[in-house]
1. For segment 129-154, which positions are within 11 Å of Ser172 (Cα to Cα) and either outside the structural domain of Gln175 (by TED's automatic domain parsing) or without any contact (Cβ under 8 Å) to a residue 40 or more places away in the chain (or both)?
2. Where residues in segment 88-125 are among the charged types (D, E, K, R) and more than 30 Å from the chain's Cα centre (by Cα), which of them is farthest from Ile322 (Cα to Cα)?
3. Those residues that are out of contact with any helix residue (DSSP H, G or I) (no Cβ under 9 Å at 6 or more places or on another chain), farther than 16 Å from Lys67 by Cα and either polar (S, T, N, Q) or surrounded by 18 or more Cβ atoms within 10 Å (Cβ to Cβ) (or both), I need them from segment 1-39; list them, please.
4. Any residue at all in segment 300-320 that is loosely packed, with under 11 Cβ neighbours inside 10 Å and more than 27 Å from Pro184 (Cβ to Cβ)?
5. Report, by residue number, each residue of segment 43-57 that is free of Cβ contacts under 8 Å to residues at least 40 places away in the same chain and under 29 Å from Ser18 (Cα atoms).
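The values are calculated or read from the model by the stated rules, or taken from the named source; none is laboratory data. These numbers come from a predicted model, not from an experiment. Cβ sites come from the backbone with ideal geometry, for glycine too, and all protein chains shown count toward neighbours. Note: accessible area is taken over every heavy atom of the protein model, side chains too, but ligands, DNA and RNA are not part of it. Shrake-Rupley method; radii C 1.70, N 1.55, O 1.52, S 1.80 Å.
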Amino acid sequence: MKEQLEAIQKEAISAFESCLDTKELDNLRVKFLGKKGLLTGILKQMGKLSAEERPVIGQLANTVRSKIETALSDKQKKLAESMLEAKMKAETIDITLPGKKNKLGSLHPLSIVENEIKEIFLGMGFEIADGPEVEYDYYNFEALNLPPDHPARDTQDTFYITDNILLRTQTSSVQVHVMENKKPPIRVIAPGCVYRSDAVDATHSPLFHQIEGLVVDKGITMADLKGTLEQLMQRLYGEECKIRLRPHHFPFTEPSAEVDVMCFNCHGKGCRICKGEGYIELLGAGMVHPKVLEGCGIDSSVYSGFAFGLGLERVVMRRYNIDDLRLLFENDYRFLEQF
Ligand code: PHE
């Protein structure tokens, strides 16, 4: 029996040594130390021994058991350590690898120029106003002296939500909101999106941007309008830039004008870009119609005002020499990267 015990001890220790994973080790634990294991099997035969032999073998069995247990727990520790080590090795980060660069975006050219124009007007004491893009017919047309069936509505066909609600065709609608809510003196610009059901081509888009301007106070004249716009254009295009006002008609201004800016390319001489004109049309403007003032509860015998509406895309295209409006909306990376 002594030999058997020693053989089990030897076998167990060498089996533990060559064992490679925890599951296998656990099977070995059951094999040697379990209830139906080899060691228990031997101890069950103790009854056959003589009274002198029993304590000797009993003691030996205890020593063997504790040696096997120690060897087992040593191996368990070792396996846990080497598994942790392997895991750490597998998860190491190679800090010598070059990092992934985050691509930094930049402002869209429309935003760049809009911000610049806002800055210029803030510097002249203007405030920035805002209005809804989904608008009542009243604000987009009627309050601007464009009653239903007015022929000028035809030039600004838009997208209707209902008979009475539409996508605004012009930021002039914000004029009405501002004058309803604020009494003179008023000095605001209102940048924003406008919509018209135009087919897309190099100079048209169903969505584009305008910047509306509105000044209402006592004694405001056409000279204030011209001076303000001249300031704007000189800040945008340089000191020597000139503007020119041509008579025009808008239902909500009287008198009305179209404002041309000296061609940035030929400086007024006439070239291909301005089609020989020397000037390029940039915006509509005029003195706020008394009917519009009165409709917003402003006494037109006391107050007068001017308004203008600037096409942002046109300014951007002139500024960066862009010849196709579609480039501004296609989001082509190669185009946008240049700004
Ligand atoms: N809203 C006009 C347009 O879209 C422009 C304009 C604004 C004209 C303000 C006069 C005064 O064409």
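1. Selection gives Tyr139, Asn140, Phe141.
2. As a first pass, look at segment 88-125 and keep what is among the charged types (D, E, K, R): 89, 91, 94, 100-101, 103, 114, 116, 118-119.
If we keep only those that are more than 30 Å from the chain's Cα centre (by Cα) too, we end up with 89, 91, 94.
Values: Lys89: 56, Glu91: 52, Asp94: 47 Å.
Restricting to residues being among the charged types (D, E, K, R) and more than 30 Å from the chain's Cα centre (by Cα), the top hit is Lys89.
3. Ser18, Asn27
4. Taking segment 300-320 first, the residues loosely packed, with under 11 Cβ neighbours inside 10 Å are 301.
Within this subset, residues satisfying the condition of being more than 27 Å from Pro184 (Cβ to Cβ) are none.
Checked segment 300-320: no residue is loosely packed, with under 11 Cβ neighbours inside 10 Å and more than 27 Å from Pro184 (Cβ to Cβ).
5. Leu43, Lys44 - these are the residues of segment 43-57 that are free of Cβ contacts under 8 Å to residues at least 40 places away in the same chain and under 29 Å from Ser18 (Cα atoms).
Residues are listed down the side, and each one gets a yes or a no for (1) among the aromatic types (Phe, Trp, Tyr); (2) part of a loop (DSSP other than H, G, I, E, B); (3) open to solvent by less than 50 Å² (accessible area, probe 1.4 Å):
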{"site": "Lys75", "(1), (2), (3)": "no, no, yes"}
{"site": "Lys78", "(1), (2), (3)": "no, no, no"}
{"site": "Glu81", "(1), (2), (3)": "no, no, no"}
{"site": "Asp94", "(1), (2), (3)": "no, yes, no"}
{"site": "Ile112", "(1), (2), (3)": "no, no, yes"}
{"site": "Asn115", "(1), (2), (3)": "no, no, no"}
{"site": "Gly131", "(1), (2), (3)": "no, yes, yes"}
{"site": "Glu135", "(1), (2), (3)": "no, no, yes"}
